[in-house]
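Structure, as structure tokens:
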Amino acid sequence: MAEFVNKSPRDLRIGCAVFFFISGFGYSSWASRIPSVQHDLHLNEAQLGSLLFALPIGLMATMPVTGRLLSHYTSRSIMMFGALLFNAVLLFLGLATTVWQFAVILFAFGSGRNLLNLSVNAQSVGVQSLYPKSIITTFHGIWSMAGFAGAAVGYVMVSFNIGLLYHLGAVSLLLCAASIYYYPSTFHQKPKPVERKPFLILPDKHMLKFAVICFACMACENTMYDWSAIYFEKAIYTGKATATAAFVGYMIAMTIARFVGDKVVTRIGIKNMLNYSGWFIFAGLLLAVLVPYAIPAAIGFMLVGLGVACVVPLVFSIAGKSATLSSGVAIASISTIGYFGFLLVPPFVGYVAQAVGLRWSFGLIAMLGGLIVLMVQKIKE
């Protein structure tokens, strides 16, 4: 039985939305400064890819731990701990000066992000139960809006040559303060012990196409977070400010698409939406590769933002209606494969870029958009 004192559903909805904002703003603040880190540490593309590998490893390593914690403690408690860890680590990223320091701190950053993200999604389910109509997708739109805001602030910081410590340190303090202030407005419910499940839940043959779509989309999305600004610097030869602006444009497009996606799906249907999304990803990355100039590449990145915005939640909504698996098992199985795309592909981009160049690596990632289009054709109406 959910318990909350003197808090209206509106207050709880605002509290949950704030933590989604905190998650998105903190992550994009880091992503906006990746080119600065590469420059300061004198890393080539392969070395940067290896360094960035530490964050998703931290995220994946803490997944089973977070699941167990959520079965023993309230989601609001785990969310608060995750938010404080996530934001405190931002400060330490500003203090790091060597590759090994960044690797250790990025591992902790990924762990904090996982604690925060899983628990805040559990919170959103609790808040949704208080409303007769669907409100849960707007929380993800708020995450994207926060990501855009964090990228925009990063652009300003880079433009005025503000150091990494001052930028990430200020963000860390403000987000920690917001976490503490809004914690009383979060949803309190007693944890429910969950049935022990295997570490990896893999999809059956009926779910495989959805898993592949999820893998391709999450791989493209995380590649854009980690490499979009660097692509502008190294492949298009722009300054840091322009490179960060390209990332901001990508975030704007993704944010807008997530807020209007439900209306578009109502008009054209989920399968058509997924098909167009795949084509947007393919065309956007190919445009950036074949026409390596600032404006065409920026337009291409915005097309990618439109493409990746709604794929994963739409795939979850279809897979959750499986006739052979329960919705929870179906979604968990394709999420497992999807996170491998999030984990493995961005470092692969660095290795390919070091061997043959960033344009070739982004050209290969464009093929994942085509793979989405191919897999969507296998979905029955």
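The values are calculated or read from the model by the stated rules, or taken from the named source; none is laboratory data. Quantities reported herein were computed from a predicted structural model and do not represent experimental measurements. No Cβ is skipped: glycine too gets one built from the backbone with ideal geometry, and neighbour counts run over all protein chains shown. Please note that ligands, DNA and RNA were not included when accessible areas were found on the heavy atoms of the full protein model with its side chains. Shrake-Rupley method; radii C 1.70, N 1.55, O 1.52, S 1.80 Å.
Miscellaneous remarks
- About the Cα centre, charge dipole magnitude for the stretch 225-291 (Lys/Arg +1, Asp/Glu -1 at Cβ), debye: 200 debye
- Ranked by the mean number of other Cβ atoms within 10 Å of their residues, highest first, the peptides 163-175, 111-123 come out as 111-123, 163-175.
- Value of Rg to Rh for the stretch 5-103, rounded to two decimals, is 1.06; Kirkwood radius and Rg both from alpha-carbon coordinates.
- Full-stretch length increase - LYS7, LEU374 - with 0.36 nm per residue and alpha-carbon distance subtracted: 127.4 nm
- The stretch 45-146, relative contact order in percent, only Cα pairs under 8 angstrom and at least six apart counted: 38 percent
- Rolling a 1.4 Å probe over the heavy atoms of the protein chains gives the chain an accessible area of 44 Å² per residue.
- Principal axes of the stretch 28-181: Cα extent on each, largest first, Å: 52, 31, 26
- Of THR97, THR186, THR223, the one that fluctuates the most in a GNM where the chain has Cα springs shorter than 10 Å: THR97
- Total lysine pairs whose alpha carbons fall under 29 Å of each other in the stretch 199-307 (8 or more apart, or interchain): 4
- VAL264-VAL156 FRET efficiency (beta carbon distance; Förster radius 30 Å; 0.05 resolution): 0.40
- Note on the chain: with neighbouring protein chains present and a 1.4 Å probe, carbon and sulfur make up 69 percent of its accessible heavy-atom surface.
- Alpha-carbon Debye profile of the chain, log10 I(q)/I(0) at 0.13, 0.14 Å⁻¹: -1.08, -1.27
- Restricting the calculation to alpha carbons of the stretch 214-329 gives Rg and Dmax of 15.5, 52 angstrom.
- Candidates GLY357, GLY341, GLY82: whichever shows maximal mean-square fluctuation once the chain is modelled as a Gaussian network with Cα springs under 10 Å: GLY357
- Mean Cα-pair separation over length for the chain, i.e. relative contact order, pairs under 8 Å, 6 or more apart, %: 25 percent
- Dividing the summed helix terms, -39500 (n - 2.57) for each DSSP H run of n ≥ 4, by the number of residues in the chain produces a 222 nm estimate of -26500 deg cm²/dmol to the nearest 500.
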